Amino acid sequence: MAITHAFLAGLATSVLAAGMVTANTDAALESSTPTQARVDLTATTIPIIDFTGKLGPLTISRKLTAGFDIPPNLLAGLDGEALTSWDAAVGPTGEVKNTVILPITLATTAPKVDLGFEPDWKSSVVLSPIGATGPTIDLAPELKSTMHLIQYRGGVDGYGFGVKGTILEPGLQGGATVPETMIGGSAILGAYEAQLSVLPSGGLKATLSFSPYAGGGGASIKLGATKIGTTLPSGQFKVDGKLCLGSAAASCGGVIAEASVSAMLGGTLLAVNGTDVVSYDFPDSLKVELKADSLALTGNIGGTVKVDQVTVGKVIPVNVTIPIPPAPSVPSVSSLRKPQTAAAHDSVTPATAPPKAASRKSASSTRTESATGASPTPERGAKSNRPARD
């Protein structure tokens, strides 16, 4: 029994000693290891879907990723990709690839903060209907839209809010090898921009711009040795307005109010082998601009249509400036008060003098009359000393 007690006591002592050594070692390591600063993750990418499957000539791939706080200005967003391809040794082949991004961006600068939403969908379609030896169709459509909410925090734009973006931006690129065709172009439908802000120095700035259409592009087809083509309307419809009051006029180039309308369109209806057969050009634009010293109307009116070598129509430039005379100067309050004071002084002085002179004259005449009238009184008194008649 004594041996057992001695063994247990020795084992307990060994365990305690080992614990003390381990604790001292950990303390030594903690004291010798420098404390590392905490690292915060500023960019995060999370894979949501990542799948690729293959069955014979068929390949299917799907990917979806979420991103947060990714430089330079991505606040959050989704990035997706879908691929479907058929690659058979015999027969038709093709590939369809779609990508979509749904980003939310946040760009902060010294004078403003810009919060943006810019979804974008792209596709790539490559088809060979009868195999690798036949014609190939290659198309790349795209659809996107943008919207930005802006907060102004000083600077030349003052303090306020704004918005800008596009409702829809469709685009298409591609063609085919047989017959040889080409399709390309893009358009912006519903571009808008507005701002309303005030300046601390006493000013107001309001702008509005809307463009129902802006874009261009074209298409062509080659039949044998003849290539026939056309172009989409290149140019824009646009309406602009601007109002700058007070100190904001300086940041608007001295413009107080401005309104403009643009309908600048041009294109080719028919082209043969690169030569325009029927084309048109309408560079219509009018702008009314009001400044402190002038009212101006500038732009162009009219257009031309060209058929072969014959041009019909005319473009008339407009440039009318009406000067505005400066407003008459208004005299200051101090300059108006001085003549009134002087006039009042002049009017009071003559009116006061005559009464004083008259009073002096009256007083002197009174004294004279008193002195003159005192002498008959004794004479009458002397006469009264005579005896009265019985």
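The values are calculated or read from the model by the stated rules, or taken from the named source; none is laboratory data. These figures come from a predicted structure and were not determined experimentally. In this analysis, Cβ positions are derived from the backbone assuming ideal geometry, glycine residues included, and neighbour counts consider all displayed protein chains. When the accessible area is computed, the model is the full protein with side chains, heavy atoms only, and any ligands, DNA or RNA have been set aside. Shrake-Rupley method; radii C 1.70, N 1.55, O 1.52, S 1.80 Å.
Summing +1 for each Lys or Arg and -1 for each Asp or Glu among the other residues whose beta-carbon sits under 12 angstrom from that of Ala257 gives +1. Net length available on complete extension from Ser123 to Thr59 is 21.4 nm, with 0.36 nm assigned per residue and the Cα-Cα distance removed. Checking the Cα-Cα distances for Lys97/Lys164; Lys97/Lys227; Lys144/Lys238 against a 23 Å cut-off, the pairs over it are Lys97/Lys164; Lys97/Lys227. Taking R0 as 30 Å, what's the FRET efficiency between Leu232 and Val96 from their Cβ-Cβ distance, rounded to 0.05? Once the sixth-power term is evaluated, E becomes 0.75. Extension gain for Asp308-Leu269 works out to 12.9 nm (0.36 nm per residue, less the C-alpha to C-alpha distance).
Sequence-ordered 3J(HN,Hα) estimates for the range 216-231 from the Karplus curve with 6.51, -1.76 and 1.60 and θ = phi - 60° stand at x, x, x, 8, 8, 9, 10, 10, x, 9, 9, 10, 10, x, 8, 10 Hz, glycine and proline given as x.
Counting 0.36 nm for each residue step from Leu149 to Val288 and taking away their Cα separation leaves a gain of 47.2 nm. Entry note, the range 248-287: relative contact order of 40 percent, from Cα contacts under 8 Å with a spacing of 6+ residues.
Taking 7 Å steps out from each Cα toward its Cβ at Trp86 and Ala110 produces label points 6.0 nm apart. Peptides 242-250, 43-51 ordered by packing proxy, namely the average of other Cβ atoms within 10 Å per residue, highest first: 242-250, 43-51. Per atom type, the range 165-252 shows carbon and sulfur on 72% of its accessible surface, probed at 1.4 Å. Among residues other than Glu81 with Cβ under 11 Å from its Cβ, the summed charge is +2 (Lys and Arg +1, Asp and Glu -1).
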